[in-house]
1. Scan (1) away from ligand 1 (no atom under 14 Å from the Cβ); (2) modelled with pLDDT of 95 or more for the single condition residue 46 breaks and write down its number.
2. Quick check on residue 118: is it of a type in the set (Gly, Ala, Ser), more than 13 Å from ligand 2 (Cβ to nearest atom), at pLDDT 90 or above and surrounded by fewer than 16 Cβ atoms within 10 Å (Cβ to Cβ)?
3. Looking at 132, 148, 110 in this structure, which one is open to solvent by 20 Å² or more (accessible area, probe 1.4 Å) and outside any loop (DSSP other than H, G, I, E, B)?
4. Has the range 217-226 got at least one residue that is surrounded by fewer than 15 Cβ atoms within 10 Å (Cβ to Cβ) and within 19 Å of residue 318 (Cα to Cα)?
5. Scan (1) open to solvent by less than 20 Å² (accessible area, probe 1.4 Å); (2) aliphatic (A, V, I, L, M); (3) part of a helix (DSSP H, G or I) for the single condition residue 610 breaks and write down its number.
6. In the list 72, 67, which residue meets the criterion of being under 17 Å from residue 146 (Cβ atoms), away from ligand 2 (no atom under 15 Å from the Cβ) and surrounded by 14 or more Cβ atoms within 10 Å (Cβ to Cβ)?
7. Considering only residues that are assigned to a loop (DSSP other than H, G, I, E, B) and within 16 Å of ligand 1 (Cβ to nearest atom), which ones fall in the range 152-191?
8. Looking at (1) assigned to a loop (DSSP other than H, G, I, E, B); (2) open to solvent by 50 Å² or more (accessible area, probe 1.4 Å), can you tell me which one residue 596 breaks?
Amino acid sequence: MPDIIQLLPDFVANQIAAGEVIQRPASVVKELLENAIDAGANSIQLILKDSGRTLIQIIDDGSGMSMPDARMCFERHATSKISSADDLWKIKTKGFRGEALASIASVAQVELKTRQASSDLGTCVKIEGSTVTECEPCQASVGTSFAVRNLFYNVPARRQFLKTDSVENKHVMDEFQRVALAHPNVAMSMHHNNNEVYHLPKGSFRQRAVGIFGPKYDERLVPVEEETDLVKVTGFIGKPEFARKTRGEQFFFVNDRFIKHHYLHHAVTGALEGLLQDSQYPFYLIYLEVDPSMVDVNIHPTKTEVKFREERAIYSILKSAIRKSLGQFQVAPTLDFEQESSLNIAPFDGKSPVSIPQITVNPHYNPFDQVTRKEPSRSKTSGAIERSRGGGDWKEMYEIMRDEEVKPEELEFSTSDKQALPLQQGNNEQAVVFQVGKRFIASPIKSGMMLIDQQRAHERILYEDFLAKGTDHHGSSQQLLFPFTLSLTPADHALLVEESIALQQMGFDIEDFGGNDLVVRGLPADCRQQNPQKLVDSILEQLHNGEASAEHPERHLLALGLAKGSSIGKGQVLQTAEMRDLIDRLFACEVPYYGPAGKNAIVTLTPEELSGKFD
Ligand code: ADP
Ligand code: MG
């Protein structure tokens, strides 16, 4: 047998390594930004074309490289940052593996220009697919510029795997934000397709946060500060009243490196216990400084999870630091008390309209009436609440209920056969419905009791409506009396501009007004929510934090944002007719049983489950 083991050629080894380190344009941005920081830059520019597919360029004014180093930096395991395994425990730099540039150069066309302050001439290196095509002296400013063109040009499978521009762009902005938030002492800017997305001068941590999240955040940030032998904690916690319903504005940095940490996240939410409403996520920007030997850096290059020694101690220090600052800044008048929901009532300002409280009475409701015995009256039509699409499913439930022969399990129906069900023309069969806790719609059915979450049900209805509009391209728009100007952060502005065509198809009349402003002239017709700011906030929340869906990657998040932003909420009193209409429309949906985010919209309780409560 001949010997069969051989060493992989360098470019193959590099491409394999690249698969780990470089997954998308954002990974290149992260690596190059970190290198610029490690090189001691005072100012960094990021320039992108087509969300980084065509060009990612990073220009810094850091140390620069000598000609041999400029050639050498693309070799695998070439690093100036460690020289022995012992150094691993003292790392202060972002990089140390010496893999990033080798990986990038194996899957893109790269041009490096660099000069050290001590020499008059710089060096220009061109390399593509790991092959150096040029390496010569050239004019260059002090510092380094990497231009990475046509990422994955030689790995078509990877290139195809990239998501839409808006998704890739969001990943890039996430990486940019993380580095920018960790280094306010470095001026940073970002341009995308010749538009300035961020312009961040050198400044304090607070100024940097405001530069990234927008001027509104200035008043929302409560400083946190604590220093112990083990850890120094600085940063900000957002005032609880501004907490959002979705994740995405939670930042931990350890020794200037962005990390995710579930356990420490819990310390923060624990400190805010009683101050947050259900399912809200607080804003936080927490910087931890620890001795590098206390953190395990020996982790996967692209993973943001880290392990601490003394994790428990850090947990309690962090928690008490946050509690202290909440008390100090009088965010929490009394800590450790369960907030009653009645405390959330806003003080009356004399300006807002007052409506007379209404009591909902269902005139048809008779607690002694057996639903199963109810006689149908066929005199009137209920066309107003009958929908042409599918429809009639829940009525089917009642229909079946009148037939004593049917066994409960036969009430199970699948949504796919709905289209086949006959519409109950001319049938005024009115089911008993009533509202519970201003949140659920209850209705007795043969197999027990049906409970519908009014908010999720409405979200489901609106979601499918908006999705259909987006795909059929015919959402009509209702003009606003006065155009509304939205002042956005650069990142949000870029996101919405990216999605503007889809938004128009869903019925938004929206126009880019230059700078970071957008003008809204019209909202989707039939939209209950008339406040453009609230609608747009809800869309942005989804674009930032929602899970993309495989089925409708482009439109899912927009439709979800619109649905959530304009649905009826918990606490809204519904009239009987409204409840019936809602149920009708819910059962006309493709997927009535779940809200658009996948949680139950309908729950049924059997008599057995109910009798369990009486034991
Ligand atoms: P690592 O950062 O892990 O050392 P990289 O592949 O990212 O590995 O970079 C290799 C080396 O190239 C670095 O150790 C550094 O010496 C040099 N280098 C990379 N980027 C820059 C830069 N912007 N300015 C100066 N030197 C750089
Ligand atoms: Mg590096």
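The values are calculated or read from the model by the stated rules, or taken from the named source; none is laboratory data. Just so you know, these numbers come straight off a predicted model, no measurement behind them. Ideal geometry is used to build each Cβ from the backbone, glycine not excepted, and the neighbour counts take in all protein chains shown. When the accessible area is computed, the model is the full protein with side chains, heavy atoms only, and any ligands, DNA or RNA have been set aside. Shrake-Rupley method; radii C 1.70, N 1.55, O 1.52, S 1.80 Å.
1. With respect to (1) away from ligand 1 (no atom under 14 Å from the Cβ); (2) modelled with pLDDT of 95 or more, residue 46 is out only on (1).
2. Here the answer is yes, as residue 118 does meet what is asked.
3. 132
4. yes
5. (1)
6. 67
7. If the condition is that a residue be assigned to a loop (DSSP other than H, G, I, E, B) and within 16 Å of ligand 1 (Cβ to nearest atom), then 183, 186 are the ones that fit.
8. (2)
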